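Written out below as structure tokens is the structure these notes cover.
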């Protein structure tokens, strides 16, 4: 999708994915020591705002300027810092060994772009850093609760275990939640959930 599509979407339907953070993201973030968090494809900021409220410094990335403005308007004043950048994930180069955690929540890219971006995410995590991922899996295709209608952009356990083989997998499995994330994600769904950690060679 291009930036114009998402700008129009968020202008016409503010809070398209709701205000509440993603459940898997929230559960796992709450168990981590506060630090610096990267949130690619962050949209209107529901996960970023939750992380800020918990004291995390957040770097959010998205291609929609409208989504950025909606996030900044809702952010208010937190002691933690929010850096929201409008970028194309297929073109960005992430800094190495920078983030204590990365949240990839419904980041569905074409296969070549996805593989490259996932390698960047591994490099961008600090040693000991944590990756939290949730995305739709192939059984989601006929569902009406969200997600791309291109199977090559959906997640499988085999694919994700291969693409994140540089990390220690703590959890990798399919789940069937009933989503309540605004009109964009509502109803029964088929998702994949990953929790993984970059080896801390100093420990």
### Query
Out of curiosity, is residue 58 touching a helix residue (DSSP H, G or I) at 6+ places or on another chain (Cβ under 9 Å) and within 15 Å of residue 104 (Cβ to Cβ)?
yes
### Query
List pairs: first in segment 125-140 and on the phi > 0 side of the Ramachandran plot and in a strand (DSSP E or B), second surrounded by fewer than 21 Cβ atoms within 10 Å (Cβ to Cβ) and at pLDDT below 95, Cβ under 8 Å, 6+ apart or cross-chain?
128/199; 128/200; 128/203
### Query
Restricting attention to segment 167-203, which residues are farther than 18 Å from residue 124 by Cβ, modelled with pLDDT of 95 or more and assigned to a loop (DSSP other than H, G, I, E, B)?
176, 177, 189, 190
### Query
Hey, any hits in segment 138-150 for a residue that's within 27 Å of residue 36 (Cβ to Cβ) and in contact with a strand residue (DSSP E or B) (Cβ under 9 Å, 6 or more places away or on another chain)?
no
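Does segment 154-166 hold any residues that are in a loop (DSSP other than H, G, I, E, B) and over 15 Å from residue 197 (Cα atoms), and which are they? Please lay out each step first, then the result.
At the first step, the residues of segment 154-166 found to be in a loop (DSSP other than H, G, I, E, B) are 154-156, 164-166.
Once the filter is applied, which keeps residues that are in a loop (DSSP other than H, G, I, E, B) and over 15 Å from residue 197 (Cα atoms), segment 154-166 yields 154, 155, 156.
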### Message
So residue 130 ticks every box in (1) closer than 25 Å to residue 58 by Cβ; (2) surrounded by fewer than 18 Cβ atoms within 10 Å (Cβ to Cβ); (3) at pLDDT 95 or above; (4) under 17 Å from the mean Cα position of the chain (by Cα) but one. Which box is left unticked?
### Response
(2)
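Would you mind stating whether residue 102 is touching a residue at least 12 places away in the same chain (Cβ under 8 Å), touching a helix residue (DSSP H, G or I) at 6+ places or on another chain (Cβ under 8 Å), closer than 21 Å to residue 36 by Cα and buried (at least 17 other Cβ atoms within 10 Å of the Cβ)?
Values: touching a residue at least 12 places away in the same chain (Cβ under 8 Å): yes; touching a helix residue (DSSP H, G or I) at 6+ places or on another chain (Cβ under 8 Å): yes; closer than 21 Å to residue 36 by Cα: yes; buried (at least 17 other Cβ atoms within 10 Å of the Cβ): yes.
Judged against the criteria, residue 102 is a match.
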### Query
Can you name every residue in segment 2-17 that is outside any helix (DSSP H, G or I) and farther than 25 Å from residue 175 by Cβ?
2, 13, 14
### Query
Looking at this structure, is residue 168 farther than 25 Å from residue 32 by Cβ, surrounded by fewer than 19 Cβ atoms within 10 Å (Cβ to Cβ) and in contact with a strand residue (DSSP E or B) (Cβ under 9 Å, 6 or more places away or on another chain)?
no
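The values are calculated or read from the model by the stated rules, or taken from the named source; none is laboratory data. Because the structure is predicted, anything quoted here is derived from the model rather than measured. All Cβ positions, glycine included, derive from the backbone under ideal geometry; neighbour counts span all protein chains shown.
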